[in-house]
Amino acid sequence: MDRGTTAGGARPVALGAAARETLVAAFRSAGWTVDLQDRVGDRADEQAGGSQGADLSVRRGDLVYAVELKTTADGRGDRIVPLWSQAYLEAQRHAGVRARPLAVVAAPRISDRAAAQLLEFAARNAPDAPVGVLDLQGLRRFRGSALEGLNAEAQGAAAWPSEVAPPAMKPENLFSDLNQWMLKVLLAPELPESMLRAPRDRYRNATALADAAQVSVMSAYRFVQQLGRDGYLHESAPTLLVVRREELFRRWQAWSMVKRVQEIPMRFRFRSDAQAALRRLLSQHESCLGLFAAASALGVGHVDGVPPHVYVPRLDRDRLAAWEHVMPAAPGETPDFILRQAPSPQSVFRGRVMANACPTSDLLQVWLDVASHPARGAEQADWIRQRHLGAMLSGGDAHA
């Protein structure tokens with residue numbers, strides 16, 4: 001099956017573009033450099049109607065992948081397995097000596113079972129081959145050197161163009177992972193850079209917002225449309241201006257408070273300076289401080305005595321195995337820190353800042369996350385709101 005084609009023939013170009021933008025955004029948010037212009041591989045066979053080289057190349061340090069992406073409208077295992085095999089053969093041809101081959105297959109929706117079937121097939125038949133599978137609902141399964149940081153769970157409704165979407169698609173979630181990130185980008189000019197890492201500009205439309213936030217135009221368009229429909233955008237301002245912020249923030253916090261928490265109390269295997277040991281761990285893994293520890297690092301702490309929370313993109317056995325010199329705390333044992341899966345990994349890790357030499361959740365994320373914590377979380381959230389978010393909350397009122 002050619003790149004960008006779909007089984008069933010439903011809008012192949014739109015589906016291919018959505019998958020490619022999703023893949024690019026995933027790599028960029030994980031810290032990879034993505035080359036969209038200078039494709040890896042020879043172009044000599046392009047004029048003869050053959051392959052055009054790898055779809056894109058990605059780089060992190062000295063590690064380079066030549067990425068071949070294939071899409072299909074049908075995400076069943078018996079569809080994606082042969083498609084991946086074809087993609088891997090093409091990726092091998094394009095990689096040459098400068099890069100490693102990475103084959104990725106995508107579909108509007110792929111079940112955990114189908115994704116596992118593909119990973120098992122690759123492990124059995126090409127054990128050294130990097131492999132990737134993703135869908136447009138947020139599921140990502142990657143295996144290979146430095147690729148595990150791309151992994152994510154499905155978030156909800158598919159982020160693909162309306163012209164190829166199912167007719168009965170459910171309403172979009174205003175506070176999906178990427179939507180929270182884009183909301184932070186819109187509000188970033190009103191926060192110090194030390195409190196939120198995000199571009200700081202004003203945006204005339206969804207296209208400009210997408211470019212700044214490094215998301216697909218479709219994702220930004222849907223987000224802007226929903227903000228407007230719900231009455232949170234100024235109707236005549238020259239740029240995207242968020243209004244009715246008090247109500248918007250109440251909804252945002254309420255949505256965050258009902259999210260299921262996945263966490264594991266941890267302790268260090270050897271007694272030492274726990275704070276120094278935690279700093280070393282944070283410097284070695286894709287992680288950041290969260291909740292009360294993040295508030296303290298940002299200089300907005302109000303509650304003491306709670307073990308530090310550390311966010312990771314995904315909480316699983318493989319990730320835990322990579323954390324040396326730590327182990328889950330026994331029942332009743334006081335933990336040295338609590339390892340927690342980020343509730344919205346894109347928003348958490350794109351917005352994190354460096355505070356006291358530690359990667360730290362941004363101010364808005366801290367305000368969201370502490371609110372539901374039983375140990376004086378509401379008190380800490382109110383402290384942040386009153387002393388540090390007051391000007392932002394009233395910032396759109398004069399224009400509403």
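The values are calculated or read from the model by the stated rules, or taken from the named source; none is laboratory data. Source: prediction; values computed, not measured. With ideal geometry, Cβ positions are generated from the backbone for all residues, glycine too; neighbour counts draw on all protein chains shown. We work out accessible area using only protein heavy atoms, side chains counted, and drop any ligands, DNA or RNA first. Shrake-Rupley method; radii C 1.70, N 1.55, O 1.52, S 1.80 Å.
Counting only the heavy atoms of the protein chains, how much of residue 21 is accessible to a 1.4 Å probe, in Å² to the nearest 10?
70
If the elastic network links every pair of Cα atoms under 10 Å, which of 27, 270, 121 fluctuates the most in the Gaussian network model of the chain?
Highest fluctuation of the listed residues: 270.
For the chain, what log10 I(q)/I(0) values come out of the Debye formula at q = 0.14 1/Å, with one point per alpha carbon and no solvent?
Summing over Cα pairs of the chain leads to -1.29.
For the stretch 46-149, what is the convex hull (Cα atoms) projected area averaged across all directions, in square nanometres?
Numbers: hull surface 27.5 nm².
Hull-based average projected area comes out at 6.9 nm².
Please report the net charge: other residues with Cβ closer than 11 Å to the Cβ of residue 322, K and R +1, D and E -1.
-3
What FRET efficiency do you get for residue 393 and residue 112 if R0 is 51 Å and r is their Cβ-Cβ distance, rounded to the nearest 0.05?
Step by step, r from the Cβ atoms, then E = 0.80.
In the calculated pair distance distribution of the stretch 163-300, what percentage of Cα-Cα distances lie above 24 Å?
Working: 4284 of 9453 pairs.
Value for the stretch 163-300: 45 percent of Cα pairs lie more than 24 Å apart.
For the stretch 300-351, what is the relative contact order in percent, using Cα pairs closer than 8 Å and at least 6 residues apart in sequence?
53
Springs between alpha-carbon atoms under 10 Å, Gaussian network over the chain: tell me which of 343, 127, 331 tops the mean-square fluctuations.
331
For residue 241, list long-range residues whose amide hydrogen, built 1.01 Å from N in the peptide plane, is under 5 Å from its own amide hydrogen.
Under 5 Å from the amide H of residue 241 lie the amide H atoms of 234, each far enough along the sequence or on another chain.
Just to be sure I understand: with springs between alpha-carbon atoms less than 10 Å apart, which residue in 209, 36, 227 has the highest mean-square fluctuation in the Gaussian network model of the chain?
Ranking 209, 36, 227 by mean-square fluctuation puts 36 first.
Full-extension gain between residue 214 and residue 126, please, as 0.36 nm times their residue separation minus the C-alpha to C-alpha distance.
28.4 nm
Stick to the Cα atoms of the stretch 278-400, pair each with every other, and give me the Kirkwood hydrodynamic radius in Å at one decimal.
15.3
What does the extension gain come out to for residue 207 and residue 316, with contour length at 0.36 nm per residue minus their alpha carbon separation?
Contour length minus Cα-Cα distance gives 35.7 nm.
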